Amino acid sequence: MTQDVEMKELQAPSNSVPVPVPSPTPSTLQHLKEIASLIETGAYAREVRRIVRVVRLTMALRRKLKASVLSAFLNFALTPGSEVHTRLSSYIPKEDEHDMDVDTATSATQAPVKHSIPELEIYCYLLVLIFLIDQKKYSEAKACASASIARLKNLNRRTVDVLASRLYFYYSLSYELTGDLAEIRGNLLALHRIATLRHDELGQETLLNLLLRNYLHYNLYDQAEKLRSKAPRFEAHSNQQFCRYLFYLGKIRTIQLEYTDAKESLLQAARKAPIAALGFRVQCNKWAIIVRLLLGEIPERTVFMQKGMEKALRPYFELTNAVRIGDLELFRSVAEKFSSTFNTDRTHNLIVRLRHNVIRTGLRNISISYSRISLVDVAKKLRLDSPNPVADAESIVAKAIRDGAIDATLDHGNGWMVSKETGDIYSTNEPQSAFDTRIAFCLNLHNEAVRALRFPPNSHKEKKVLRRGGKDSSRNKSSLNI
């Protein structure tokens with residue numbers, strides 16, 4: 001016979017540890033309020049490093065911005081009904097009530113804390129401008145950017161400089177996305193002049209790069225070089241802006257046929273760029289590959305196998321292979337196959353210059369393989385498609401001999417190219433010069449790494465105080481008594 005058993009609730013022992021309840025994660029609006037308090041602290045204490053931290057925290061919240069959150073934050077940071085609040089609120093689209101966050105809905109009942117400092121006002125401009133660009137509302141972004149720039153011209157505070165540099169960047173980006181980049185060139189020049197007079201070095205860096213980008217966008221390389229050469233020089237304050245400057249300088253040097261300086265600038269820009277800036281590093285590597293090919297160098301295979309760059313650098317890998325072999329026909333087919341990619345990257349004109357390097361590489365291979373060969377066979381092997389290939393081959397061989405690309409002589413009477421015997425390269429100064437170049441590169445890399453080291457502010461003063469507290473304490477006490 002079965003009996004029903006009554007189930008009793010199990011009681012937890014008295015010595016058991018209570019299970020902690022996970023605290024709810026703060027909302028985006030709460031993060032923005034904390035950033036606002038950080039701006040206020042940095043403005044009153046005049047600490048620029050706090051404003052730098054504000055920009056870094058804002059970029060982390062960029063993907064979480066919504067129209068409802070922005071509206072609630074504007075109500076919190078600005079006085080409702082003021083000119084700035086009305087203008088910025090007009091750029092934000094209205095959302096339904098059910099799409100609003102819980103913290104956003106409840107924030108309307110709370111008494112907002114008003115801030116009247118200019119740093120917070122400029123930050124609101126920046127926040128709304130970033131949101132409009134991400135939402136692809138470019139016309140509203142242009143209007144918001146123009147209004148923020150007009151407000152910045154009346155402010156001369158060091159704590160605003162960091163926010164102003166970001167506004168300058170998005171101001172130019174909003175006009176570039178709509179194809180109206182030429183309209184703001186004069187305004188950018190005026191802003192650069194104002195930043196120079198106010199000793200705003202971070203603003204000067206940003207505006208100089210924006211002006212160089214503006215000129216290069218319309219292929220105005222001469223004007224870009226004139227501006228760069230006459231702009232004031234100072235120590236770089238932002239690694240990102242310095243990388244952009246090196247990239248633009250490398251492009252200018254490439255167009256001006258200064259390939260050695262261009263190669264150094266482009267490789268340095270790719271090396272200094274942040275790991276997250278994959279697109280920027282890809283562009284630097286594309287231009288650096290072309291410049292190295294124009295210099296007669298063949299990039300290593302590892303350059304094309306970098307993580308995340310294999311697909312983007314594939315056309316340049318095939319182009320490098322054609323230049324390495326010296327096959328003019330293969331070079332033509334690769335240039336035609338990836339012509340759209342080269343036009344998008346704006347490297348098509350540089351690839352046209354590579355034709356002479358392909359011919360010279362093929363001629364060098366011929367001179368190594370044959371001790372004597374006729375100019376007719378040279379023209380056939382180089383696949384010259386000109387009306388008079390023999391005469392062209394003769395002029396190409398003569399120029400290569402004069403430039404020192406090949407070690408040979410030209411027999412005009414018999415129509416031959418006679419190659420000289422290959423000597424011992426280690427009996428020349430070429431290995432020494434190559435070794436010296438590598439040592440100089442390593443030393444420069446070490447010096448740049450040392451200069452890029454960062455230390456906590458006033459750390460040297462703390463060490464001095466500690467050192468004095470040990471040995472010189474009696475002397476310090478006597479000096480205080482005196």
Answer yes if at least one residue in the stretch 99-108 is loosely packed, with under 13 Cβ neighbours inside 10 Å, modelled with pLDDT under 80 and closer than 23 Å to Ala141 by Cβ, and no otherwise.
yes
Unique residue being of a type in the set (A, V, I, L, M) and open to solvent by 10 Å² or more (accessible area, probe 1.4 Å) when the list is Ala150, Ala145:
Ala150
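Yes/no per residue for (1) closer than 18 Å to Val303 by Cα; (2) touching a Pro at 6+ places or on another chain (Cβ under 7 Å); (3) of a type in the set (Phe, Trp, Tyr):
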| residue | (1), (2), (3) |
| --- | --- |
| Gln223 | no, no, no |
| Ala231 | no, no, no |
| Phe247 | yes, no, yes |
| Asp261 | no, no, no |
| Glu264 | yes, no, no |
| Ala270 | yes, no, no |
Top-ranked residue in the stretch 349-379 [being of a type in the set (Val, Ile, Thr) and surrounded by 14 or more Cβ atoms within 10 Å (Cβ to Cβ); ranked as farthest from Thr320 (Cα to Cα)]
Ile373
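Residues of the stretch 304-320 being open to solvent by 40 Å² or more (accessible area, probe 1.4 Å), touching a residue at least 12 places away in the same chain (Cβ under 8 Å) and not small (Gly, Ala, Ser), which ones? Show your work before the answer.
First pass over the stretch 304-320, keeping only residues open to solvent by 40 Å² or more (accessible area, probe 1.4 Å): 305-308, 310-311, 314, 317-318.
Checking the rest, the ones that are also touching a residue at least 12 places away in the same chain (Cβ under 8 Å) come to 306, 308, 317-318.
Within the stretch 304-320, Gln306, Phe317, Glu318 meet the criteria.
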Failed criterion for Glu329 (all others in (1) surrounded by 15 or more Cβ atoms within 10 Å (Cβ to Cβ); (2) in contact (Cβ under 8 Å) with a residue 24 or more places away in the chain; (3) of a type in the set (D, E, K, R) hold)
(1)
Name the single residue, out of those in the stretch 27-70 being free of Cβ contacts under 8 Å to residues at least 12 places away in the same chain and open to solvent by less than 70 Å² (accessible area, probe 1.4 Å), that is nearest to the chain's Cα centre (by Cα).
Met59
Residue check: is Thr254 surrounded by fewer than 16 Cβ atoms within 10 Å (Cβ to Cβ), touching a residue at least 24 places away in the same chain (Cβ under 8 Å), more than 23 Å from Ser174 (Cα to Cα) and not acidic (Asp, Glu)?
no
Would you call Val323 buried (at least 18 other Cβ atoms within 10 Å of the Cβ), free of Cβ contacts under 8 Å to residues at least 40 places away in the same chain and over 18 Å from the mean Cα position of the chain (by Cα)?
yes
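The values are calculated or read from the model by the stated rules, or taken from the named source; none is laboratory data. Just so it is clear, the structure is predicted and the values come from calculations on it, not from any experiment. All Cβ positions, glycine included, derive from the backbone under ideal geometry; neighbour counts span all protein chains shown. The protein model used for the area step is the full one, side chains on, heavy atoms only, and it has no ligands, DNA or RNA in it. Shrake-Rupley method; radii C 1.70, N 1.55, O 1.52, S 1.80 Å.
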